[in-house]
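Any read-out appearing in this document is the output of simple, stated calculations on the displayed coordinates, not a laboratory observation. This structure is a prediction, so every number in the text was calculated from the model and none was measured. Cβ placement follows ideal geometry from the backbone for every residue including glycine, while neighbour counts extend to all protein chains displayed.
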Protein chains: 2
Amino acid sequence: MSARDVILKELLEASHLQGVEALLGWDQETYMPEGAGAARAEQVAYITGLMHTKLVGEPLKGALSELIDLETGELLTMTLNDRETRQLKEIWRDYRQQSSLPADFVTDLAKHASVSQQAWVRARKDNDFAFYEPFLTKMVEMQQEKAKYLAIGATAYDSLLDQFEPDMTSEKVSGLFAEIRARLVPLIKSIREVKHRVNGSILTKEYDVDQQWNFGIDMLKAIGFDMNTGRQDRSAHPFTTSTHPTDVRTTTRLRENDLKAALLGTLHEGGHALYEQGLLLEEYGNPLGQAISLGIHESQSRLWENLVGLSPGFWRFAFPKLQAKFKDQLRNTDKEQFHAAINRVRPSMIRVEADEATYNLHIMLRFEIEKMLINENFPVAELPQLWNEKMKEYLGIEPANDAEGVLQDVHWSFGAFGYFPTYTLSNLYSVQFFNQARQDIPGLEDQFGRGDFSALLTWLRENIHQIGRGRKAEELVLELTGQPLSAQPFMDYLEKKYTKIYNLS
Amino acid sequence: MSARDVILKELLEASHLQGVEALLGWDQETYMPEGAGAARAEQVAYITGLMHTKLVGEPLKGALSELIDLETGELLTMTLNDRETRQLKEIWRDYRQQSSLPADFVTDLAKHASVSQQAWVRARKDNDFAFYEPFLTKMVEMQQEKAKYLAIGATAYDSLLDQFEPDMTSEKVSGLFAEIRARLVPLIKSIREVKHRVNGSILTKEYDVDQQWNFGIDMLKAIGFDMNTGRQDRSAHPFTTSTHPTDVRTTTRLRENDLKAALLGTLHEGGHALYEQGLLLEEYGNPLGQAISLGIHESQSRLWENLVGLSPGFWRFAFPKLQAKFKDQLRNTDKEQFHAAINRVRPSMIRVEADEATYNLHIMLRFEIEKMLINENFPVAELPQLWNEKMKEYLGIEPANDAEGVLQDVHWSFGAFGYFPTYTLSNLYSVQFFNQARQDIPGLEDQFGRGDFSALLTWLRENIHQIGRGRKAEELVLELTGQPLSAQPFMDYLEKKYTKIYNLS
């Protein structure tokens, strides 16, 4: 076997393990009996350890070192084409990351992540931060340790951020956030002054959850989610995972008095799922068959959730169908009122249910807190108080309890620090991509009105999904839109949209 | 680490892989999207390969060879107590079995088993044996090859049988079957002559499947199934699997016009599950925390299904509850009529739905056919015809199509040849065990009538579940009941039972 074939074989085997790990995680959040938690943590840790061993093991390392200098990343071969070179560079990037982590640490971290996530589920249910605190404290310490091993960024936090959004820095994020905040705060203020112009109460009537489920499935199918290679289930915290591009699973959360959360959550996860289902099967197991970054991944979910799911065109198609399912509740509402209601801007406690404007304030708050935890040893025990103060500062409201405050997100429980900023980056990406798609596809909004999302999906497949990691995130934005990553298109979009909905001057 | 600690560590890791494999299999039969079949086969094969590597790898082999002669199984150490010696002998048995199989063969077999099982699902649904034939042909060939590697029995078939029921031979099975047949055929004939005395039509009215499900869950809880460490789902073919003793999963199949199948199927799988939930946690990962044999495993399911679930005592407790769920259907039936109906003897097409008497004829038929396939190269293409002829000979009826004929069982599709005889053995074990439990627990039948199954479960836990593989199957029977394995108690039980129900002379 050639060195390249050895590498691809080893990575394919690592992907089998990754697929298995995804199933273990999916099952843990959906159907696993509660009493199986400890055993599951052992299983996950063991599989993670095997995967790590595979990714830093002698077969891969030996073959890789024939083609690329393991220290510097310089190519040692002249025989690769552009695409193969990209592929090799990304493989090397992963190798460098994995090989910086000791095997025991990887296993211990995976075990703690599973245990800590289960502790979070319980703490959130019982509104008991004190129970969760030692798990999170240990997780913060392990992430600080991880940052030391990775040692790729200017600060510990930057090293963690780079895992999720390669080449992104907290300085760059701060710059973008400042730009957004400068225009967002006055925009939200203008909206607050005329908030009576949009009434959202229609969304909190009683909506049968089974009918909500059915409507969500209809919408998933409409946007192109393939039920033959995917499924949806229910879980405490909606997520998408994939054991393979032919097995992509989303979850949703349904509540009787909240139509918006389930509906947009379903479209959001559907966007993630379309990306996973759109990865090239023939590149399965190597970077060219993988998502570019979390930010780009999230751009797909935000695009379907917001740019599609909150658009007037979408509701021209979807509202009559929704109305048919909920005759009594929606009898006296028309699609314009509904569209305004679902776009209402109002500071709220829960990030995943926030509107498009205030959403980014939730992210900025988390970004600030994450940096304090990782870079400045801010004590975890004081987190609830800090959280509530920041909520007051950023959003002008305070959680009634920790369950709707600091305990609301799963991310930190399994060690995802440096992950949140990708959510706002994704909003920027999504608008830049969508603007381009609208230019490239004449009559896109009309297609939505007819329930036809196929041209958009094809555009995303060809320009994003099938690229795999053949481009870096910012490179893709520049290449695809002719513009660098910027907050301006996003803020232009928000201002234009809300000016219309709220009839701002 | 001592040699024994190394062995236990390696086996624990193999158990993690086995747990993961169980989850992959469970998911394949319950929730996996259909399009994921090919990817799943790769994942299963990869994990199976890892498990094999672990079980024959140098760490285990080296440590084992310090304690036991790998060729002969003779002990090389004097420091082990009885229980540790048992444990070591069983580990050696497994090692010998695993190490006789080439690694590539193990992976190929696992992959084919997954693919072939999926082909069976489709073939059964479409009633299309021709589609399935090449998969089964390849599987028979692979099993013949496997038998050559195992090379432990007098015939190829005996080598396969020994995997599922250690130390059992087809000669011994034939002897027991002959004994059963000699008394069973006249018994069934006597019943046929007075078949009008029991009317089973009450069981095929329309019964809402959700209510059937709820009743099944109630019964599972009543017999002691722990929902905190287990769950039930639906699948095409009911089964039980375990990713760990704290995560035991059963499935059931529900049909509106068949009350008996779901109910007894649920108790049957519940019996398997109670065994798995009753294994010693502190012995997890080694033979002392594993089931003795498939026959003993099945004895637990048959005991709960038949000795409990078909007993008058059980229905004194359960019938009023069933009646409350199905008021209209059961208005004019009393518990004695119901008990007779659910015990009705009638030759039928589907093994898993057969009564206790004719059930064993289904097994004998499969045993004959399996031997022909494995030992005599009987052509798979001619299997449907052979099946139908044997059905005529053994049960006097012929399937209308292959779906209710040769395609009804999943077992051969994933390579379980030599497995079926354990079903009849289990009937013998179950009656011998139950007779003993009734001697040991005064008023057992009265306890059933009050819905109290705890004394029986405790007896099974202490005398069987917690033994692990500390005893061989026949050894356990002898030790526990004072009698060797025999067909006589089983036939005595059947004759006595049906004499009463059918008022035979």
- Message: Using the basic label-point model (7 angstrom from Cα toward the beta carbon), what is the residue A:483 to residue A:458 distance in nanometres?
- Response: 2.6 nm
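For region A:436-493, what is one quarter of the convex hull surface built on the Cα atoms, given in nm²? Write down the numbers at each step before the final one.
Values: hull surface 17.8 nm².
The directionally averaged projection comes out at 4.5 nm².
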- Query: Given a cut-off of under 8 Å on Cα pairs at least six residues apart, what relative contact order in percent is computed for region A:3-156?
  - Reply: 25 percent
- In Å, the Kirkwood estimate of hydrodynamic radius for region A:243-311 over Cα pairs equals 12.8 Å
- Note on the structure: Nearest-0.05 FRET efficiency for residue B:334 and residue B:439 at R0 = 25 Å, using Cβ-Cβ distance, is 0.25
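Kindly state, to the nearest 0.05, the FRET efficiency for residue B:210 paired with residue A:505, given R0 = 56 Å and r defined as their beta-carbon distance. Could the numbers behind the result be given before it?
Details: r = 57 Å, r/R0 = 1.02.
It comes to 0.50.
Just how many pairs of Lys in region B:1-138 have C-alpha atoms closer than 16 Å, counting pairs that are eight or more places apart or on different chains?
Values: B:9/B:54; B:9/B:61; B:61/B:89; B:111/B:138.
Summing the qualifying lysine pairs gives 4.
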- Rg and Dmax of region B:170-501, using alpha carbons, in Å: what are they? 19.3, 54
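From the C-alpha coordinates alone, can you work out the Kirkwood hydrodynamic radius of region B:77-197, in Å?
One decimal place: 18.3 Å for the Kirkwood radius.
Test of understanding: express the Cα radius of gyration of region A:119-262 as a ratio to 2.2 N^0.38 Å, with N the residue count.
Compared with the compact-globule rule of thumb, region A:119-262 sits at 1.44.
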- Cα-based reach from residue B:500 at 24 Å (exclusive), listing lysines while leaving out same-chain residues under 8 positions away: B:189, B:195, B:260, B:335
- For region B:382-443 versus region A:131-162, the gap between their alpha-carbon centres in whole angstrom: 57 Å
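Give, in nm to one decimal, the length gained when the segment between residue A:174 and residue A:382 is fully stretched (0.36 nm per residue of separation minus the Cα-Cα distance). The partial results should precede the final answer.
Values: separation 208, 0.36 × 208 = 74.88 nm, distance 2.40 nm.
Extra length from residue A:174 to residue A:382 when fully extended: 72.5 nm.
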- Message: Taking a point 7 Å out from Cα toward Cβ as the label site, list the nm distances between residue A:204 and the same residue in every other copy, smallest first.
- Response: 5.6
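Semi-axes of the equivalent ellipsoid for region B:122-187, please: Cα gyration tensor eigenvalues, times 5, square-rooted, ordered largest first, whole Å.
Details: eigenvalues 155, 100, 12 Å².
The answer is 28, 22, 8 Å, longest axis first.
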- Query: Compactness ratio of region B:3-151: Cα Rg over 2.2 N^0.38 Å, N = residue count?
  - Reply: 1.25
- Query: Can you list, shortest first in nanometers, how far residue A:73 lies from the same residue in the other copies, with each label 7 Å from Cα toward Cβ?
  - Reply: 5.8
- Cut-off under 5 Å, modelled amide H: who pairs with residue B:234 long-range: B:252
- Under a 5 Å amide H to amide H cut-off, with H placed in plane at 1.01 Å, what residues pair with residue A:258 once short-range neighbours are removed? A:207
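Of all the C-alpha pairs in region A:261-346, what % are more than 14 Å from each other?
Values: 2541 of 3655 pairs.
Looking at region A:261-346, the distances longer than 14 Å represent 70 percent of pairs.
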- Item | In order through region A:336-349: 3J(HN,Hα) via Karplus (6.51 cos²θ - 1.76 cosθ + 1.60), integer Hz, x for Gly, Pro | 5, 4, 5, 4, 5, 4, 6, 9, 4, 9, 7, x, 9, 6
- Message: Between 0 and 90 degrees, rounded to the nearest ten: what's the tilt of helix B:383-395 against the longest Cα principal axis of chain B?
- Response: 50 degrees
- Task: Find how many whole Å separate the alpha carbon centroid of region A:163-239 from the alpha carbon centroid of region A:24-55.
- Result: 29 Å
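For region B:170-501, what is the relative contact order in percent, using Cα pairs closer than 8 Å and at least 6 residues apart in sequence?
Values: 445 pairs, mean separation 74.9, N = 332.
About 23 percent, as a whole number.
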- Rounded to whole angstroms and listed largest first, the alpha-carbon spread of the protein assembly as shown along its three principal axes comes to 99, 69, 54
- Query: Between residue B:190 and residue A:58, what FRET efficiency follows from the Cβ-Cβ distance if R0 is 56 Å, with the result rounded to 0.05?
  - Reply: 0.20
- Loop GluC sites (Glu not before Pro), region A:64-139 (other Cβ atoms within 10 Å of the site Cβ: 10 or fewer; DSSP): A:71, A:74
- Using the alpha-carbon atoms, what tilt in degrees (0 to 90, nearest 10) does helix A:312-325 show relative to the longest principal axis of chain A? 70 degrees
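At most 11 other C-beta atoms within 10 Å and a DSSP loop state: those are the exposed trypsin sites (Lys or Arg not before Pro) I care about. Give me the longest piece of chain B that has none.
On the way: sites that count: B:327, B:331, B:450.
Here the longest run is B:1-326.
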- Item | Antiparallel content of DSSP bridges confined to chain A, in %, to 5 | 55 percent
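Normalised radius of gyration for region B:373-505, please: alpha carbon Rg relative to 2.2 N^0.38 Å, two decimal places.
Values: Rg = 19.5 Å, N = 133, 2.2 N^0.38 = 14.1 Å.
Dividing the Cα radius of gyration by 2.2 N^0.38 Å gives 1.38.
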- Query: Can you list, shortest first in nanometers, how far residue A:462 lies from the same residue in the other copies, with each label 7 Å from Cα toward Cβ?
  - Reply: 7.5
- For region A:194-283, restrict the atom set to alpha-carbon positions and state the Rg and Dmax in Å. 14.9, 53
- Please give the helix B:259-278 orientation as an angle from the longest Cα principal axis of chain B, in degrees from 0 to 90, rounded to the nearest 10. 30 degrees
